[in-house]
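Single-structure report; data block below.
Bear in mind these aren't lab numbers, they're just calculated from the coordinates by the rules spelled out. Source: prediction; values computed, not measured. Here the Cβ positions follow ideal geometry from the backbone for every residue, glycine too, while neighbour counts run over all protein chains shown.
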């Protein structure tokens, strides 16, 4: 705080703003009074409010100190000038001399010639920038952190006024093209394949805050802690399965519970309450601040945890406001949202939920993982979904093609309804033969395993009758945490995995994370390319306590049963030897303390870094098994980021170069009699799986949904026919041999691939 402006001053200003906002008069009239109050109380010469209009344009909506002629005339694009820069990055700017900043843009109609300093903050509503609030002074005045935070608090109050008054109408935010009665296609990415036909239900997690300013901070603190107790009780009820299927999502919900108990989060909310806001307003402000900071993080997995934070804040706000979070659905609901958290999804009746459309979203967000386990089709990153879709609009969700069709014709509905029926019949057919072996017509036996990362994934073992878990991603339940859970917590989780596997083998991959995901050091440097940075085995070898604790937990959890552990991102024999030495050290320690040994032990490595291709002979002398991660191997071979949509389909796993590399690996492993498997997405595609079998692979690990189609293709194929054809394709100069192999398979009755 400064001597010039204190917490008492802020509470007085908030109280005066509340009176203006609650008063009578047009929105324009009240905004004019608001900016005058802010300028007066913060001892500034200018206060201006810019509002986001259609086409990402910021319009000067009210000002005290600038020329009134500029109101509704001055407009800046997002990214233009200092105001546009604040909106573009949702970050505050405080400058003693704004004119010297390279982003400064002078607009003569405003009359701001005499004002030097500038402080501006984004106005956020439901996590989105809806405007910018700016103050200016004639003198060069350096603004401190307290003043910035004060203006942010005030901006939040004004944002609620603007949103409640619907200053920007919904139809202004998106211009409808063409005849609104014609069906419209929106595109996105598929997070879970499938088709849904139904009516749109808008998921509206944002709770409207009725009262922003409080005169009794102590009472608000009591309300906050009472609501936190209610939040924990709700999450505990979900964890203990009191709502049916939720018990399957225990590990995700445990992480969510850790969020709810985070002392730093609770402390920040309490501090904001002390400044004069209600408990609801404090929760929203802290959440908006956290969301803006996390949106600046480059790492996509950390940004995915925003969905959990949104979920947590909305649930807490609902408890404070006394409204229910459970949504009632029609029988054929397509849920439409910006994003959704894991417990919000569980609040809906999954029997009625036919699909999920999101404006945001990513494959590893917790809600997407749950939707996949519940077999709910999901299309994400659908731009304009909330603006284009109205409640109860008829929708066809084609998650196979990443398409959303609005207001479809009867013919389109009939077509997709038939596809849904065909898919249901196909799934039933796969389920009917799940107990039949994956054996080709000429008697070649193939072991099909599933990939997993959460306890809920393990249901796929029984549903598909898979041979085991070929890849268990140990980092998945813990990515939201600052530090790795202790040995006891990890031991409990791995023990649950072993129990759920019911005697089938489980291959545990050690932590495949980066330094920006787990606080393994006090100062993590930003990385331009995290996929090839300080991650996985590189991190855990540099911070061996992380690896030792995880291996200790795995050894304890597998006492008396088989232990299979593999290390990710190994780039040299020396790295594998160092990791194996740590494993041996922990095994010796366990036995010396009287612990029961695993029934058998196999230690292997992922092969995903190309440098290992020239070290295979030496590596195979030390590793018990090799598991090829085709996703990373392909992107490193072609130097093509697999997360880049422009490159996603540019390089095909069924390229001669990739097939030659895989052939080289399988031949070396065969000569050394070392077990080898495939655990990338390539294994889950029937045509790709047939190519792998023709190269010599007999162990495939994939998502549970891929088991049925791959088993079906294997049982229809005569491998002796495919082997010479695929080996002949290795010499092709084409970028991909996919279509040639597809035609060959169709000619031999394997089916549509």
Relative packing of peptides 48-56, 742-750 - highest average C-beta neighbours within 10 Å first: 48-56, 742-750
Cβ-derived FRET efficiency at R0 25 Å, residue 673 paired with residue 591, nearest 0.05: 0.35
Order by protection proxy (mean Cβ within 10 Å, highest first), peptides 455-462, 404-411: 455-462, 404-411
Sorted by Cβ neighbour density within 10 Å, fewest at the top, the residues 106, 472, 494: 106, 494, 472
Prolate/oblate/rounded call for region 7-173, Cα gyration tensor, a/c under 1.5 rounded: rounded
Burial ranking of peptide ranges 419-430, 536-547 (average Cβ count within 10 Å, highest at the top): 536-547, 419-430
